[in-house]
Structures are given as structure tokens and as C-alpha cells.
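Trainee: Would you mind keeping the following structure in view while I ask a few things?
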Amino acid sequence: SRTLYRIKALRDFYDVKKDDLGGYIESENNLSHEGDCWVYDEAKVYYEARVLNDACILGNAHIFNNAIAYDFARVYDNVRIHGNAEISGYAEVYDNVEVYNNAHICGNSEVSGNAEVKGNSKINGSALVCCDTRIFDYAKIFGNAVICDNAMVYGNAMVYERAEIFGNAKVYGNFTEIFGKAKIHGDTRIYDNAKVYGKAEVYCNAMVYGDAKIYGNAIVSDEVHICGDAEISSDIRICGNIKISSGIYTDRLS
């Protein structure tokens, strides 16, 4: 158990007036005296955690261990930030999110719901991560990417531009990339070095792995496996229960 102290404002800034009471900190080192950072409501900052610059911690949020919130970051509701995690830029983290290990949320990104962000993962740009998603290992989410529902992105996978991952989809592997306006959903698995981009869509129980590429307006669904060095492009739609491990396909297969 830690002894925490309720803070009192020494001057006016933002919506805070001199002598207003704020949240709780363990020591003066938890809250910088430079900038307009503040801990509101019942929020708590303790151990070696720091709030710097113009960052604000609100609601019942907890920041602890060696975690840092800085720039114009906003952390509120029941969020838990700990380990060596960092929240920066104009990022907003709220609801019941947990961020820990060496994870970094920055840019104009928004993380909400019951999302868990951990490992050495990074969420940047204007990315949106919500619901019950899990982002971990060295995964990178940026641009205007959207990750929601029960989706998982991990390994060294990258999701960016306007790509969307949702449902129970899993994206992982060494150099897996989902970008453009691609949509991955259902119980799909994309892994190894696979690439899905353009306006391609992969869903149901389809699996894409190896060095396979799916792009253009291609649609892959059902129990299809695309692997090896196969390329699926153009306006092709592939469904059913087949496996394609080589070649370039632009005509309908079903």
C-alpha cells in the first residue's frame, strides 16, 4: 500500500483555479511544475510514474511504476498505465484500457474500451484501437488504421493507412503488413510475411500466410488458404475450401 497525497493547484490554468483540489500523487516528482499538466478527480500517479508538459490524468485513472504521460496526452476513466509505458502527443486513452510493459501510444491516436496494449507495441498517427482488442509484442498501428472488436495484432505486424481489423481476426508474424483500405475480419488469420492492401478484404475463416499478397479489390473468404508466394489481385473473389500456394490470380475462383 502506498501513501498518496491530494494535490492543490498553485495557480490558474485551463479549467483549474488556484486552490482547486486535484487527484493524488505519491511525491512531487510524479507531477511536473512546468507546463500545465494536472491530475484531476480521483486519478492517481505513484511509484516513479510522471506526468509532464500539458498532459492530464482524470477520472479514476492510475499511472504507476515508471510510466510517463506527456505532451498533451489525456488519460481518463478507469485506465491503468504502468510498467515503462508512455502516452504522448495528443493521444487519448480512456474507458478500461490497460497499457504496460514498453508500449507507446502517441500522435492523435485514440485507445478505448477494454483494449490491452503491451510489449513493445506502438500506436501512432490517428489510429483508433477499441473494444476488446489486444496489441502486443512489436506490433505497430498507425495512420488512420482501426482495430476493434476482439481483434489481435502482435509479433512484428504493421497495420496502417486506412486498414481495418475487426471481428476475431488475428494479424501477426515477422513482416506481416495490412494497409491501404484493406479489411480483415471474421476469424481470419494473417501471418508470416503476408501482405494485404489496396481495397482487398479477407474474412470468415480464411488464412493468408507465407509470402502471399492480396491486393486490388480482391475478396478472400470461407476456408480459403492463400500461402507461399501466391498473389491475389484485381477484382477476383475466392471462396470455398481451397488452398493456393503459388501463381498470380486475377480471375474468379470459387
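The values are calculated or read from the model by the stated rules, or taken from the named source; none is laboratory data. This structure is a prediction, so every number in the text was calculated from the model and none was measured. Reconstructed Cβ throughout: ideal geometry from the backbone, glycine too, with neighbour counts over all protein chains shown.
Trainee: List the residue pairs whose Cβ atoms are under 9 Å apart, where the first residue sits in the range 23-47 and is farther than 12 Å from residue 61 by Cα, the second is among the polar types (S, T, N, Q) and buried (at least 22 other Cβ atoms within 10 Å of the Cβ), and the two are 6 or more positions apart or on different chains.
Mentor: Note: pairs meeting the criteria are 47/30.
Trainee: Sticking with this structure for a sec: Kindly indicate which of 55, 69 is buried (at least 19 other Cβ atoms within 10 Å of the Cβ), within 15 Å of residue 23 (Cβ to Cβ) and out of contact with any Phe, Trp or Tyr (no Cβ under 9 Å at 6 or more places or on another chain).
Mentor: 69
Trainee: Residues to consider are 49, 61, 67; find the one that is within 19 Å of residue 130 (Cβ to Cβ), touching a strand residue (DSSP E or B) at 6+ places or on another chain (Cβ under 7 Å) and not charged (D, E, K, R).
Mentor: Being within 19 Å of residue 130 (Cβ to Cβ), touching a strand residue (DSSP E or B) at 6+ places or on another chain (Cβ under 7 Å) and not charged (D, E, K, R) holds for just one of 49, 61, 67, which is 61.
Trainee: Can you name every residue in the range 189-208 that is surrounded by fewer than 19 Cβ atoms within 10 Å (Cβ to Cβ) and either among the basic types (Lys, Arg) or more than 22 Å from the chain's Cα centre (by Cα) (or both)?
Mentor: 199, 204, 205
Trainee: If you don't mind, there's one more thing I want to ask. Which one of 194, 115 is at pLDDT 95 or above, under 20 Å from residue 82 (Cβ atoms) and of a type in the set (A, V, I, L, M, F, W, C)?
Mentor: 115
Trainee: Continuing with the same structure: List the number of the failed condition for residue 109; all other conditions in (1) within 19 Å of residue 193 (Cα to Cα); (2) buried (at least 22 other Cβ atoms within 10 Å of the Cβ) hold.
Mentor: Exception for residue 109: condition (1).
Trainee: So for the range 167-175 (the condition being of a type outside the set (A, V, I, L, M) and in contact with a Lys or Arg (Cβ under 6 Å, 6 or more places away or on another chain)), does at least one residue qualify?
Mentor: Yes, the range 167-175 has at least one match.
Trainee: I've got another one for you. Report yes if residue 125 is part of a loop (DSSP other than H, G, I, E, B), surrounded by fewer than 22 Cβ atoms within 10 Å (Cβ to Cβ) and within 11 Å of the chain's Cα centre (by Cα), otherwise no.
Mentor: Spelling it out, residue 125 is indeed part of a loop (DSSP other than H, G, I, E, B), surrounded by fewer than 22 Cβ atoms within 10 Å (Cβ to Cβ) and within 11 Å of the chain's Cα centre (by Cα).
Trainee: Of these, 95, 137, 132, which one is in contact with a Gly (Cβ under 7 Å, 6 or more places away or on another chain), at pLDDT 95 or above and more than 23 Å from residue 60 (Cβ to Cβ)?
Mentor: Step by step, each of 95, 137, 132 is checked, and only 137 is in contact with a Gly (Cβ under 7 Å, 6 or more places away or on another chain), at pLDDT 95 or above and more than 23 Å from residue 60 (Cβ to Cβ).
Trainee: Of the residues 73, 67, which single one is modelled with pLDDT of 95 or more and within 19 Å of residue 3 (Cα to Cα)?
Mentor: Answer to the selection: 67.
Trainee: Among 39, 93, which is the only one that is crowded, with 19+ Cβ neighbours inside 10 Å, under 27 Å from residue 149 (Cβ atoms) and of a type in the set (A, V, I, L, M, F, W, C)?
Mentor: Just a single option satisfies the conditions, and that option is 93.
Trainee: Give all pairs with beta carbons closer than 6 Å in which a residue from the range 97-110 that is free of Cβ contacts under 8 Å to residues at least 60 places away in the same chain meets a residue that is of a type in the set (Lys, Arg); count only pairs at least 6 apart in sequence or on separate chains.
Mentor: That search, which allows pairs on different chains as well, returns 98/80; 100/118; 101/118; 103/118; 104/122.
Trainee: Then there's this: Could you grab me the full set of residues in the range 227-249 that are assigned to a loop (DSSP other than H, G, I, E, B) and farther than 14 Å from residue 199 by Cα?
Mentor: 227, 228, 229, 230, 239, 240, 241, 242, 245, 246, 247
Trainee: Okay, next question. How many residues does the range 128-166 hold that are of a type in the set (Asp, Glu), assigned to a loop (DSSP other than H, G, I, E, B) and at negative phi?
Mentor: Counting residues in the range 128-166 that are of a type in the set (Asp, Glu), assigned to a loop (DSSP other than H, G, I, E, B) and at negative phi gives 1.
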